[in-house]
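Here's the structure we're looking at; comments come further down.
Each reported figure results from applying straightforward, stated rules to the coordinates on display, with no laboratory input. Just so it is clear, the model here is predicted, and its values are computed rather than measured. Cβ placement follows ideal geometry from the backbone for every residue including glycine, while neighbour counts extend to all protein chains displayed.
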Amino acid sequence: MKFYQVKVAFRYEDEKTGKVKTQNVIYLVDSESVTEAEARMVQYLTEQGEQEFEVTAAVASNIASVVTAN
């Protein structure tokens, strides 16, 4: 598996001004390809109940491994 950085733009309404704004967030996704990384991200966000988002970029990451605590 490789890791991919997937950039997602979330749209939300600013409570003060009422204008629609965008917040960009980058996720690290383990995947075999860019296409699979994008699909996994869409599936994950949809399962989390997100509706107002767009995947704007996906690129291979130089990260070799992710170490997590048990």
So which residues in the stretch 1-38 are in contact with a Phe, Trp or Tyr (Cβ under 7 Å, 6 or more places away or on another chain), of a type outside the set (Ser, Thr, Tyr) and within 18 Å of Val66 (Cβ to Cβ), if there are any at all? Val6, Val25, Leu28, Val29, Asp30, Ala37
Strands (runs of 3 or more DSSP E) contained in the chain and holding at least 2 residues free of Cβ contacts under 8 Å to residues at least 24 places away in the same chain: 20-31
